[in-house]
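The values are calculated or read from the model by the stated rules, or taken from the named source; none is laboratory data. None of these values were measured; they are calculated from a predicted model. Glycine gets a Cβ as well: all are built from the backbone with ideal geometry, and neighbour counts include every protein chain shown. Just the protein is used for accessible areas: all its heavy atoms, side chains included, with ligands, DNA and RNA removed. Shrake-Rupley method; radii C 1.70, N 1.55, O 1.52, S 1.80 Å.
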Protein chains: 2
Amino acid sequence: MPHFKLTVAYDGTDFVGWQRQASGVSIQGLIEDALAELEEQPVTVNGAGRTDAGVHAHGQVASVSLTRSIDPATLVRAVNVRLPPAVRVVDAQVVPAGFPARFSARSKSYRYRIWNARVSSPFERAYAWHIPEPLDADAMGDAASIFEGAHDFAAFQGAGTITSGTERTIFSSRTARNGPLVAYDVCGDGFLRHMVRNIVGTLVEVGRGKRSPGWVGDVLASRDRGQAGQTAPPEGLFLMGVAYDL
Amino acid sequence: MPHFKLTVAYDGTDFVGWQRQASGVSIQGLIEDALAELEEQPVTVNGAGRTDAGVHAHGQVASVSLTRSIDPATLVRAVNVRLPPAVRVVDAQVVPAGFPARFSARSKSYRYRIWNARVSSPFERAYAWHIPEPLDADAMGDAASIFEGAHDFAAFQGAGTITSGTERTIFSSRTARNGPLVAYDVCGDGFLRHMVRNIVGTLVEVGRGKRSPGWVGDVLASRDRGQAGQTAPPEGLFLMGVAYDL
């Protein structure tokens, strides 16, 4: 019974998110259905992260066990011909039995993209948050660095979620401007629900000049979701990659 | 009667092209309809280039004369609220009477994008030509430089077109690879119908190793459309900008 690690890229615009739902088309569901056709029986695929509706991925990782022997390159081709062009398996690797995509990730990287120009871009409609007012990306960068290290991120957890522990370690948290594009790159050992989008909504308060970078430290220390900024919209968020100790 | 030069960006995926057609939605038609609403009478917009269905623009230029006085920033906002998000007027400038967008352009720049990786990209579906076999971008660059200068481009003119003159001057013609992306950038004083796409289809023959860079010079000299490569698909083509002596 061969076990595979799949690297998956998708444009999340038209899907209900990674995870299979009662209704709507999910990326997990599409891949499970494609593999079930090959296996001629139901297949379960485990993703490393649950991206929400409208969120994209360049490097989502998923694990699957198959009953039939198939080489990785053939598997990639066979799955991709059964997927819509918005979802691609970009790589497959044979991994040891029990490779647990969900629980053993050493780190995950996300990028959040903001299109910061007076006029929106036809090419960034589904891939960035359009903010017409000028943002101070340097101030946002100062605020972003506050998240590096081990912290309790309760203030940035999606409302209504119940998680046993809210401490996470962030390895890097940075912003960069390239013309009208402001990108926020964050890498950490794990993320709470809506955590990146809540961080971005908070950084934007600083970028707009409404708050100082130091205020972000106060929000973090408060552990109170009510203190943080709005949840940034999903279309700007990309799961860039998931790293493992293998 | 104020005259305006409009700079327009659009995602051409869902349109019949720049030019108003008997049926289907055109970018020209959308902008004319938006301006007609402001003017309360029909308006004609002249574009600097006629992009085909599926072709995109970052910097299409169009000219229009209006009867009412309006400042350029207000005009941009008023038109954009009446356009779908796939089409944006990114700039408006007041220009002298009779600014002839179509006939006085000093140069036009196009970019053609090729996604050269085994697996296609969910994010490049509508913005690049997917070629899975490895392309030799250096050989393509050697071939591309052959087009620089004044030449008769009859061999690269779309089949069935009748143009009085087929000589054009190309100021620069280059390829560059950035990871899986191969970009062809060309700037010239004018382009025949399908000329860029026919050039790219020909360069790809070289990139695939089927032909030598020198063969491209033979095709150019032949003035025979039958000698050139296939017409590259529209989705990889972007009108980047139009330059004027004002």
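Need one number: % antiparallel among DSSP beta bridges in the protein assembly as shown, to the nearest 5.
Values: 90 of 98 bridges.
About 90 percent, rounded to the nearest 5.
Taking θ as phi - 60°, what are the ³J(HN,Hα) couplings along the range A:66-74 by the Karplus curve (6.51, -1.76, 1.60), each to the nearest whole Hz, with x for Gly and Pro?
With the stated coefficients, the range A:66-74 comes to 10, 8, 9, 7, 8, 7, x, 5, 5 Hz.
How much solvent-accessible surface does residue B:16 expose, in Å² to the nearest 10, with a 1.4 Å probe and all protein chains in place?
In the full protein context, residue B:16 sits at about 50 Å².
Hey, for a label at residue A:39 modelled as a point 7 Å past Cα toward Cβ, could you say which residues of the range A:79-93 have their backbone N under 15 Å away?
A:79
Would you please give the residues with an amide H less than 5 Å from that of residue B:82, counting only those at least 5 places away or on a separate chain, with H modeled from the backbone geometry?
Residues meeting the amide H criterion: none.
R0 = 35 Å: FRET efficiency of residue B:50 with residue B:70, Cβ-based, nearest 0.05? Mind showing how you got there, number by number?
Numbers: r = 27 Å, r/R0 = 0.77.
Working from the Cβ atoms, E equals 0.85.
Starting from the amide H of residue B:181, placed 1.01 Å from N in the peptide plane, find each other amide H under 5 Å away whose residue is 5 or more places distant or on another chain.
B:116
Taking both sides together, what accessible area is buried at the B/A interface, probe 1.4 Å, expressed in Å² and rounded to the nearest 100?
Buried: approximately 1700 Å² between A and B.
Considering only chain A, what is the antiparallel percent among its DSSP beta bridges, to the nearest 5?
90
Provide the solvent-accessible area of residue A:222, counting protein heavy atoms only and rolling a 1.4 Å probe, rounded to the nearest 10 Å².
We get 50 Å² for residue A:222.
Where does the charge balance sit around residue A:174 when Lys and Arg score +1, Asp and Glu -1, over other residues with C-beta under 10 Å from its C-beta?
Here the charged neighbours net out to -2.
Given a 1.4 Å probe and heavy atoms of the protein chains only, how would you sort B:106, A:118, largest accessible area at the top?
A:118, B:106
Using 7 Å Cα-to-Cβ label points, what is the residue B:150/residue B:223 separation (nm, one decimal)?
Result: 1.5 nm between the two label points.
Taking N as the number of residues in chain A, what is its Cα Rg relative to 2.2 N^0.38 Å? Walk me through the numbers before you get to the answer.
Values: Rg = 18.9 Å, N = 246, 2.2 N^0.38 = 17.8 Å.
Scaled against compact globular proteins, the figure is 1.06.
Taking θ = phi - 60°, what integer Hz values does the Karplus form 6.51 cos²θ - 1.76 cosθ + 1.60 yield along the range B:106-116, in sequence order, with x for Gly and Pro?
3J(HN,Hα) across the range B:106-116, in whole Hz: 6, 7, 10, 10, 10, 10, 10, 10, 10, 8, 9.
Given R₀ = 22 Å, what would the calculated FRET efficiency be for residue A:14 paired with residue A:185, taking r from the Cβ atoms and rounding to 0.05?
According to the calculation, E is roughly 0.30.
Quick one: label points 7 angstrom along Cα→Cβ at residue A:82, distances to the other copies in nm, smallest first?
For residue A:82, the inter-copy label distances come out at 5.1 nm.
Do any residues of the range A:104-153 lose at least 40 Å² of accessible area when the full set of protein chains is present rather than just their chain alone, and if so which, with a 1.4 Å probe?
For the range A:104-153, once contacts with the other chains are taken into account, A:118, A:119, A:122, A:123, A:125, A:127 lose 40 Å² or more.
Provide A:173, B:65 ordered by accessible surface of protein heavy atoms (probe 1.4 Å), highest first. Walk me through the numbers on the way to the answer.
Details: A:173 0, B:65 50 Å².
Largest accessible area first, the residues go B:65, A:173.
From the backbone phi of the range B:126-143, what are the Karplus-calculated ³J(HN,Hα) couplings (6.51 cos²θ - 1.76 cosθ + 1.60, θ = phi - 60°) in whole Hz, Gly and Pro given as x?
Once rounded to whole Hz, the list reads 9, 10, 7, 8, 8, 10, x, 6, x, 9, 8, 5, 5, 4, 5, x, 4, 5.
Do any trypsin sites (Lys or Arg not before Pro) in the range A:14-80 lie in a loop, going by DSSP, with at most 10 other beta-carbon atoms within 10 Å of their beta carbon, and if so which?
Answer in residue order: A:68.
For the range B:97-142, take the convex hull of the Cα atoms, compute a quarter of its surface area, and give me that in nm², please.
5.6
For residue B:204, what charge total do you get from the other residues with a beta carbon under 12 Å from its beta carbon, if Lys and Arg give +1 and Asp and Glu give -1? Working shown, then result.
On the way: positive: B:197, B:208, B:210, B:211; negative: B:133, B:136, B:205.
The answer is +1.
Pull up all non-local amide H partners of residue A:129: gap of 5 or more, or a different chain, and H-to-H distance under 5 Å with H placed in the peptide plane.
Distant-sequence amide H within range of residue A:129: A:113, A:114, A:115, A:236.
Determine the shape class of the protein assembly as shown: with a ≥ b ≥ c the square roots of the Cα gyration tensor eigenvalues, call it rounded for a/c under 1.5, and otherwise prolate if a/b is greater than b/c, oblate otherwise.
oblate
For the range A:111-126 and the range B:132-175, compute the distance between their C-alpha centroids and round to whole Å.
About 33 Å separates the Cα centre of the range A:111-126 from the one of the range B:132-175.
Run the helix sum for chain B: -39,500 (n - 2.57) per DSSP H stretch of 4+ residues, divided by residue count, reported at 222 nm to the nearest 500 deg cm²/dmol. Mind showing how you got there, number by number?
Numbers: 5 runs with 53 residues, N = 246.
It lands at -6500 deg cm²/dmol.
Before I look further, what does chain B give for accessible area per residue, probe 1.4 Å, in whole square angstrom?
43
Quick one: among B:179, B:190, B:214, which has the greatest mean-square fluctuation in a GNM of chain B with alpha-carbon springs under 10 angstrom?
Highest fluctuation of the listed residues: B:179.
Carbon and sulfur atoms: what percent of the 1.4 Å accessible area of the protein assembly as shown do they account for? It would help to have the intermediate numbers written out before the result.
Details: 10230 of 21240 Å².
On the protein assembly as shown, the fraction of accessible area on carbon and sulfur atoms equals 48 percent.
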